[in-house]
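Working notes, structure below.
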Amino acid sequence: MRIKGSRRAVALCVLGLTVLFGSCHQQEQHTLVPKDWSTVSISLSQGWCQLSCPTYSFTIRGNGEIEYEGMMGVPVLGRRTGLVPRETVAALLKEFEKANFMSLDNRFQCDHSNLYVTLSMDGKTKTVTTCGVTTEETPEPSAAQVAQAKHLDKNWKAWLAYSHLPHTGVAMLGTERWTKCGRACTAAVRLRSQHLWVGEDAVLDAVQGKLPEAVSSMGVDSYALIEAGYDVNYADKEGITPLMAATEKNDSKLARNLLECGARPTEIDKLGRTALDRVGRPEMRDVFRWYGNVSAAPSGD
């Protein structure tokens, strides 16, 4: 009887452990694994505020296709497309799962920067609108902030995870190349958004040393303006472009930067001369060898 009793106890113990570990296993299972990847769509929109706050949106599909549109306050305006591996989309879905995204309540809207995040998958769609959460990197909260969050919101852990989600998503997908730039570049973006002091001729003005002092004092120069998305092929009434001006100054570093950012070496001024016709020093000819025909005779030493 004792043997039977012992066997029964062991069997019950094994059954209990099986149920326990089975339960733990179920809790560890990922809930945001799509049945149909073609239904997956993650969208983020930021902005719609006054003055120069970054305003843009992007959508990532289950197959890794990215669609971006920059509207205001970002270096790259207009539409762009990109592609990431499906593994990146799966990793991003895990970040949404950490934030318990599908169970979050909507936050209040505000009169400055709003952030809209939408996840669609397998026929279900969830949108969360927040105020005060941005795609900038969010610092870890202090103990006092955590205590306040615990007091105000029973779902505070999920919201804490969500506060990092927009920045994580932007970093994982590589869309920062369209939305962010350095300090001087950011100043140039704001100037354009507010229509102050500079126009689309700003790159040419900077190369020729004609930028207003109020702009130069902010650290804005040719490189910042190029990074901020100003027109690198703008031509003045004489047909002079930034690349022509940089070539005449024998500034090979600036000429290389302009060419890398889309400056066209075959643009023609009113006298029928191109930037190539202005090539002088050997180092400048080396720059143009990578981007165009340098068969024109050098005009300098």
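Readers should treat all values here as calculations from the given coordinates under stated rules, not as data from a laboratory. Since this is a predicted model, take the numbers as computed values, not measurements. Neighbour counts run over all protein chains shown; Cβ positions are idealised from the backbone, glycine included.
Overview of results
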read-out: Which listed pairs, of Lys210/Lys237; Lys210/Lys270; Lys35/Lys98; Lys94/Lys180; Lys180/Lys237; Lys98/Lys124, have C-alpha distances above 23 Å, in listed order; value: Lys94/Lys180; Lys180/Lys237
read-out: Distance (nanometres) between label positions extended 7 Å along Cα→Cβ at Arg285 and Thr127; value: 6.1
read-out: Label-point gap, in nm, between Met172 and Trp37 - each point 7 angstrom along Cα→Cβ; value: 1.5
read-out: Relative contact order for segment 195-289, counting Cα pairs under 8 Å that sit 6 or more residues apart, in percent; value: 25
read-out: Environment charge of Asp122, counting only residues whose C-beta is closer than 15 Å and scoring Lys/Arg +1, Asp/Glu -1; value: +2
read-out: Modelled FRET efficiency - R0 51 Å, Ser57 with Thr266, Cβ distances, 0.05 increments; value: 0.90
read-out: Radius, Kirkwood style, for segment 195-289 when every pair of distinct Cα atoms is counted (Å); value: 13.3
read-out: Cα-projected label distance for Tyr116 with Arg273, points at 7 Å along beta-carbon direction, nm; value: 5.2
read-out: Length added when fully stretched, Ser103-Glu238, from 0.36 nm per residue minus Cα-Cα; value: 42.5 nm
read-out: Fewest-first sequence of Val279, Val33, Val89 by Cβ atoms within 10 Å of each Cβ; value: Val33, Val89, Val279
